[in-house]
Amino acid sequence: MIDRHAIRLRVNGREHALTVESRRTLADVLRHDLGYTGTHLGCEHGICGACTVLVDGAPARSCLIFGVQADDSDVTTVEGLADGEQLSDLQQAFSDHHALQCGFCTPGFLMLAQAYLGELDGIEPSEAEVREVVASNLCRCTGYQGLVDAVLATARARRAAASPGGGDAG
């Protein structure tokens, strides 16, 4: 007998109702049941961070959460960052600062950085603070300097946009 449960998820603002086996991870539900293939599986032990998504706004390793545990949650995947074909400011900064090479770990880093930037509340982070945050995910290609530069640049741009004058250059 297969243990199946009806769940509801809001992924990137879109409602989904589905029935999942209790043993399926959130990563598998997102990728295989719902088609959000931007969530990558690396180690499947919660160490590498490639599968990081936001669950109710907090970063979570989707390989460590069962789909049934995410019932009635808001989930944001990397596909939810862009506005159609328009990259988010963070995605653009990753491109501008060469914070990706093979791209396998990139979705996890983007989601981790998105959550971190959301917690700053107008405070400008130091390079050491950003390094500590990105150190929780693994990348075998880039080194971390481009990642750090991209997160710092996005934090500066968001802070400038939120300040009086809205970041106008002139």
Exercise for the section: Determine whether THR19 is open to solvent by less than 50 Å² (accessible area, probe 1.4 Å) and touching a strand residue (DSSP E or B) at 6+ places or on another chain (Cβ under 8 Å). Expected result: no
Exercise for the section: Kindly provide the set of residues from region 112-128 that are of a type outside the set (S, T, N, Q), assigned to a loop (DSSP other than H, G, I, E, B) and on the phi < 0 side of the Ramachandran plot, ordered by number. Expected result: LEU120, ILE123, GLU124, PRO125
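For region 98-115, name all the residues that are open to solvent by 60 Å² or more (accessible area, probe 1.4 Å) and without any contact (Cβ under 8 Å) to a residue 60 or more places away in the chain.
Keep residues of region 98-115 that are open to solvent by 60 Å² or more (accessible area, probe 1.4 Å), which gives 98, 100-102, 104.
Scanning region 98-115 gives HIS98, LEU100, GLN101, CYS102.
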Practice task
Among the strands (runs of 3 or more DSSP E) lying completely within region 1-111, list those that include at least 3 residues that are at pLDDT 95 or above and more than 17 Å from the chain's Cα centre (by Cα).
Solution key: 4-11, 14-21
Fill in the blank from the handout: HIS32 fails exactly one of (1) open to solvent by less than 70 Å² (accessible area, probe 1.4 Å); (2) more than 16 Å from GLN114 (Cβ to Cβ), namely (1)
Practice task
Tell me, yes or no, whether region 36-43 has at least one residue that is under 17 Å from ALA17 (Cα atoms) and crowded, with 19+ Cβ neighbours inside 10 Å.
Solution key: yes
Completion exercise
The lone condition ARG131 fails out of (1) open to solvent by 70 Å² or more (accessible area, probe 1.4 Å); (2) part of a helix (DSSP H, G or I); (3) closer than 20 Å to LEU87 by Cβ is (3)
Problem - Flag for PRO164 being open to solvent by less than 20 Å² (accessible area, probe 1.4 Å) and either not hydrophobic (A, V, I, L, M, F, W, C) or not in a loop (DSSP other than H, G, I, E, B) (or both) - result: no
Practice task
Count, please, the residues in region 47-97 that happen to be open to solvent by 20 Å² or more (accessible area, probe 1.4 Å), without any contact (Cβ under 8 Å) to a residue 40 or more places away in the chain and within 16 Å of HIS16 (Cβ to Cβ).
Solution key: 2
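Specify the residue that is surrounded by the fewest Cβ atoms within 10 Å (Cβ to Cβ); the eligible residues are those in region 116-128 that are of a type in the set (A, V, I, L, M, F, W, C) and touching a helix residue (DSSP H, G or I) at 6+ places or on another chain (Cβ under 9 Å).
First, the residues of region 116-128 that are of a type in the set (A, V, I, L, M, F, W, C): 117, 120, 123, 128.
Then drop every residue that is not touching a helix residue (DSSP H, G or I) at 6+ places or on another chain (Cβ under 9 Å), which leaves 117, 120, 123.
Values: LEU117: 18, LEU120: 13, ILE123: 10.
Checked region 116-128; the qualifying residue surrounded by the fewest Cβ atoms within 10 Å (Cβ to Cβ) is ILE123.
The values are calculated or read from the model by the stated rules, or taken from the named source; none is laboratory data. Everything numeric here is computed off the predicted structure, so don't read it as measured data. Here Cβ is always computed from backbone atoms with ideal geometry, including for glycine, and neighbour counts include all displayed protein chains. Keep in mind that these areas ignore ligands, DNA and RNA; they rest on the heavy atoms of the full protein, side chains included. Shrake-Rupley method; radii C 1.70, N 1.55, O 1.52, S 1.80 Å.
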